[in-house]
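What follows draws every value from the coordinates through simple rules; no lab data is involved. Everything quoted here is computed from the prediction, not taken from an experiment.
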């Protein structure tokens, strides 16, 4: 079993034996922000459910072709440890059956998914707010035989970075991919799905160039060093303060183990929640707002969901608590730092940028949802500018050298949670496997399109309930019926708070 502490900077991890080097391999570096302690400790298992019967070999051939293309061939490479413990990638000069670009397995089940012990547990919306089996429990459904489950197994097995497992049933297909977080973050992953779909469609010329095969494009975010000072510069958590926060967080996580579940909020409930939040910040129309609509306060659906997460963490502390809380929100710089990134290129790697929203527990409980969401919006607006994101990258580059983690802001006694919103990735739309459809689904109530997934999830198969940041809210996305799906890890008590809170919108 994977040691949940092994990849933290406080603990040493014994390396496995290193496989022999193939002399003809092209040896390239793992980029700075890819080789973080957090990325090493996470393996992503993606499971995509299709109501269509797909051709597994077509999917495999297209993905293998993509990972043989210039730039993209980085992902046909194998991870190897260097003597100093850092990682590098060994890219085959030519891929072969012995050393393929993609590790591929497939299986046919001559039954419908409803009769399979695990596939039958994949969530189906009911039109009500509901929770489902932990996505971690379902991860084994997506792991083909021989698929590595952690970075040490990827290294020692000599397998490529991406493992494809396709299972066909009489009523649909499950397409699963496994990779370490070292390979890419979410937005990089969506670039792979988009390129894969184009190869399937016979349009390799339309695939975006993949920058970063050897040189790291993210270096341009912090080199030369930004001149602007970070708005949270006085809150950098390092040295003994960082260690105290980490150890205290581990202790609290041990005392209150997290539970992972999938949550579905139907369209009507989400609309009510957002509408109520916006009613909290409405201002009376006057001459100013009539002439300048931009002067009216605005909160997005993402701001509202972040505010709900903040409210839950505050509730968990207790009504009388004045403890500082931090909600860390992932933010993608590719679309925001236009002086560095080209919109027509693919950057398949990890970003070091996050937004920090700080608040006191008692204050969060006193504020209406909309006003709390407006404070979230303010944090995003001030920290997600091009210059601020560059400074974040610069501070993270310095932090990586000593802690193997991006910069952390806050107080050593703070309670922390992490939030990631995958909605902007538009995964279900970009993943177009239409050319691989052998038999299209007989559609019932769902408005999904042929060749597009009707449900998907991405999770780490490790059942680690002890972590520095164990509270995690992931907005997975919206399906074709308008339901919003979440993958959430919370202590048991917080789940009770959350479901009771959401009931008012059901």
Problem set entry | Theoretical ellipticity at 222 nm over the chain - DSSP helices of four or more residues, -39500 (n - 2.57) apiece, nearest 500 | -9000 deg cm²/dmol
Seminar exercise, completed: Matching label for the computed P(r) over Cα pairs in 20 Å bins from 0, in percent, out of [x] 21, 54, 22, 3, 0; [y] 19, 50, 27, 4, 0; [z] 22, 57, 20, 1, is [z]
Exercise. Mean separation of Cα pairs under 8 Å and 6+ residues apart, divided by the residue count of the chain: what relative contact order is that in percent?
Worked result: 24
